[in-house]
Each structure stands twice: as C-alpha cells, then as structure tokens.
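Have a look at the structure below before the remarks.
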Amino acid sequence: MRAINPRIGIIAEQHLKGHLLATTLREQGYDIAFNGSPGRLLEAWWEQDIDLWLVDLHDVSVWQNILDALCDKVTVPVLYSDGPAPTQGSIEHKRWIRRLLMKVSDFVGLPNPAAALAAQADPVALSPLTLPASLKPTRPDVLTHVWSLGASLGGPAAVKLFLDRLPQDTPVAFLLIQHIDAPFVESLASVLCRNSHFECEVAQPGAKLRHGKVLIAPTEQALDFSADGEVLATNKPWRGPYAPNINQAFSTVCGKVKAEHGIIMFSGMGDDGAQAVSELANQGIPIWAQSPQTCAMSSQVDEVIKTGCVSLEAAPEYLASHLLEHLARQNNINH
C-alpha cells in the first residue's frame with residue numbers, strides 16, 4: 001500500500017447510495033477523491049490520482065459512455081457495487097459493509113488507521129468509569145497486569161473507545177498489536193490516546209510496559225521482553241505474513257513478562273491471533289473479544305471465538321467495565 005491513504009472514486013447513479021458508500025469507506029480511513037453521479041464526471045477525472053473506482057449503475061444502457069471510459073482510459077482497478085444496500089442497522093447491512101471493505105482492501109490494501117481516527121469526530125463522550133475502591137494506584141516500578149490487544153481493520157476506533165472508558169490510575173499496561181503499515185505507526189500512537197488517561201508510544205528497545213501506558217507493536221522487527229516488561233531488541237522480522245504478528249506477540253509477551261495477563265481481540269480481517277489463544281487459555285489466561293456485531297470487520301474475532309476459548313464477548317465500552325470488575329476480583333483474591 002502507498003504511504004498515503006488509498007484514494008477512491010465513487011460513481012453512483014443514486015445519491016443516497018453514493019453517500020452510503022463514501023461514508024462507509026471514509027469511516028475506515030479511505031480518502032474519497034470523487035463521489036458523484038456519472039453525469040458529473042469530466043474527461044479530466046480519468047487522469048486523476050485515484051487508486052480504485054467504485055461503480056454503482058442501475059441502468060447501464062444509459063451510461064454506456066462511462067463503461068467505455070472505464071475500459072479504455074482507466075488503468076487502476078474498477079469494482080462494481082453488488083446491488084442495493086440492505087436496511088441500515090440490520091444484520092445483512094453489517095454483512096454488506098464487511099463484503100465491501102474486504103473487496104476494497106483486496107485491491108488497494110488497508111488505510112491508515114490513525115488518519116481514520118483523526119478524521120472522525122469524537123462521539124458523544126462517555127464519562128470514564130470509576131476506579132473500584134479496591135484498585136489503588138501502584139508504584140511506577142510495579143507491573144502487576146498486562147493485557148494484550150489484537151486488532152486489524154476497524155480495530156483502532158474500537159480500541160480507542162475501550163481506552164477512553166477506563167479511569168485514571170487503572171493498574172494495567174497494554175500492548176496493542178495492530179496490523180498496520182510502517183509509516184502509520186507513529187501517527188496511530190499520537191491519536192489513539194488523545195482522550196484517555198493513557199500514554200501511547202511505539203514499543204522500541206528500551207521502552208517498558210507500565211501501568212497507564214499503551215505500547216504499540218512496531219512493524220520493523222519482532223518484539224521480545226524482559227521479565228520486568230522492558231522491550232528488548234531482536235533485529236528479526238516478524239514470522240509469517242503479518243507485521244506485526246498477533247499470534248507471535250501474544251505468545252511472547254505472555255511467556256516472557258512476569259505479570260497477570262489477559263487478551264482481547266478487536267475488530268479485524270483474517271485469522272491472526274486464533275492460533276495463540278488456545279495455548280494461552282490453557283494456561284489460565286482470560287481470552288475476551290469484541291462482540292462480532294459491533295465490529296467493522298468481524299472475521300478476526302470470529303476465528304478466535306471458534307476456538308472455544310473466548311470467555312467474554314462485549315462492545316468496547318463494556319469490555320472496559322468488565323476489565324475493572326475482573327481486576328477488582330483478582331485483587332480481592334490476592335489479598
């Protein structure tokens with residue numbers, strides 16, 4: 001994928017369908033270079049810097065000139081929309097969105113998740129939850145809880161909502177393993193925690209897992225950790241097709257860092273993470289997942305759920321409240 005977001009041109013005969021297509025893609029971070037009826041297209045548009053044309057024409061006989069131009073003048077992929085969109089909010093509508101995102105990403109790759117977050121207006125703010133009385137702030141050098149978060153397409157928005165809901169002094173260090181292109185990692189770190197009580201940084205050698213901090217896995221080299229949560233240099237690439245690799249990161253952090261661990265899988269595409277969770281669940285590590293119906297793309301969550309290891313499914317904001325309850329129970333047991 002290019003170092004900037006893929007640019008999509010939308011040709012839609014019906015205004016509402018064009019608006020729906022544009023909104024859906026823009027919310028995931030794609031740039032919409034053109035969105036309009038075929039009658040608004042000018043000859044110069046075929047020469048624009050566009051990575052994919054998305055076409056929705058009902059009466060193709062009326063717009064034969066557009067189809068001819070797509071064949072003769074366009075060298076980038078052309079994707080034809082597959083009929084009317086189902087009723088918004090329905091299960092079929094969510095499936096329609098997922099099919100659309102999968103097709104677009106197959107042609108032009110994933111967008112910059114940081115740009116998607118930055119472009120979205122913050123939702124009506126949910127007040128941070130109250131820290132349970134039994135969860136007292138710990139010393140900066142004491143690491144008791146590490147939760148690893150796996151995410152791909154649609155994940156950053158869900159992770160941000162989850163973090164925004166957690167109160168100050170939540171005694172957890174987070175490791176986020178987000179499928180992302182290298183140029184976008186730093187910008188994701190700057191946007192992800194803008195409304196939360198957490199600090200975000202890229203997990204480079206020398207960085208440490210600490211309560212109140214989110215470390216984001218880098219793409220350039222695989223992670224390793226010391227027992228006290230310090231990031232160690234590996235100078236080795238991630239194994240397999242993903243960089244970062246969620247399976248590898250889950251196994252490494254849970255196996256190396258001395259702390260109470262947990263796993264949450266958020267929205268994403270593919271099956272990365274499903275292999276590691278079975279082994280980790282057998283070690284008593286809780287495996288949670290964003291509820292599939294709240295995911296922009298649920299295939300990654302679905303694959304983890306199929307393992308039978310997921311003990312909790314919930315929307316991101318409710319995952320936050322469940323985490324506080326879980327920590328309070330653990331604290332009471334340990335004391």
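Residues that are of a type in the set (Val, Ile, Thr) and within 23 Å of residue 219 (Cβ to Cβ) occur in the range 258-271; there is at least one. There is at least one residue in the range 257-266 that is among the charged types (D, E, K, R) and farther than 26 Å from residue 298 by Cα. Among residues belonging to the range 69-98 that are buried (at least 16 other Cβ atoms within 10 Å of the Cβ) and either at positive phi or among the small types (Gly, Ala, Ser) (or both), point out the one that is modelled with the highest pLDDT. Only one residue tops the list, namely 69. The single condition among (1) at pLDDT 85 or above; (2) in a helix (DSSP H, G or I) that residue 9 does not meet is (2).
Among the candidates 174, 225, single out the residue that is more than 28 Å from residue 128 (Cα to Cα), at pLDDT 95 or above and surrounded by 22 or more Cβ atoms within 10 Å (Cβ to Cβ). Only one candidate qualifies: 225.
Would you please name the residue that is nearest to residue 107 (Cα to Cα), looking only at residues in the range 5-46 that are among the charged types (D, E, K, R) and in contact (Cβ under 8 Å) with a residue 12 or more places away in the chain? Within the range 5-46, the match that is nearest to residue 107 (Cα to Cα) is 7. Annotation note: of 203, 182, the sole residue that is more than 15 Å from residue 145 (Cα to Cα), surrounded by fewer than 16 Cβ atoms within 10 Å (Cβ to Cβ) and among the hydrophobic types (A, V, I, L, M, F, W, C) is 182. Quick one: is residue 320 modelled with pLDDT of 95 or more, more than 24 Å from residue 28 (Cβ to Cβ) and in the same structural domain as residue 154 (by TED's automatic domain parsing)? Spelling it out, it is not the case that residue 320 is modelled with pLDDT of 95 or more, more than 24 Å from residue 28 (Cβ to Cβ) and in the same structural domain as residue 154 (by TED's automatic domain parsing). When the residues of the range 249-271 are filtered to those that are within 19 Å of residue 224 (Cβ to Cβ) and in contact with a His (Cβ under 7 Å, 6 or more places away or on another chain), the one that is surrounded by the most Cβ atoms within 10 Å (Cβ to Cβ) is 254.
Reported count of residues in the range 99-110, each being touching a residue at least 24 places away in the same chain (Cβ under 8 Å), surrounded by fewer than 19 Cβ atoms within 10 Å (Cβ to Cβ) and either more than 22 Å from the chain's Cα centre (by Cα) or under 18 Å from residue 301 (Cβ atoms) (or both), is 1.
From the list 228, 224, which one is closer than 23 Å to residue 144 by Cβ and either free of Cβ contacts under 8 Å to residues at least 24 places away in the same chain or touching a helix residue (DSSP H, G or I) at 6+ places or on another chain (Cβ under 7 Å) (or both)?
224
Is it the case that residue 9 is surrounded by 21 or more Cβ atoms within 10 Å (Cβ to Cβ) and either in the same structural domain as residue 86 (by TED's automatic domain parsing) or not charged (D, E, K, R) (or both)? Answer is yes for this residue.
Taken over the range 123-175, the criterion of being of a type in the set (Val, Ile, Thr), assigned by TED's automatic domain parsing to the domain that holds residue 258, part of a loop (DSSP other than H, G, I, E, B) and more than 18 Å from residue 260 (Cα to Cα) is satisfied by no residue. A count restricted to the range 206-215 and to residues that are under 19 Å from the mean Cα position of the chain (by Cα) and more than 18 Å from residue 251 (Cβ to Cβ) stands at 2.
Here is the figure for the range 256-282: residues that are closer than 12 Å to residue 311 by Cα and of a type in the set (Phe, Trp, Tyr) total 0. Restricted to the range 266-303, and to residues there that are among the hydrophobic types (A, V, I, L, M, F, W, C) and in contact (Cβ under 8 Å) with a residue 40 or more places away in the chain, the residue that is nearest to residue 28 (Cα to Cα) is 296.
Only residues that are assigned to a helix (DSSP H, G or I) and not basic (Lys, Arg) were counted across the range 35-75, and they come to 16.
The values are calculated or read from the model by the stated rules, or taken from the named source; none is laboratory data. Since the structure is predicted, the reported quantities are computational estimates derived from the model, not experimental observations. Backbone-built Cβ (ideal geometry, glycine too); neighbour counts: all protein chains shown.
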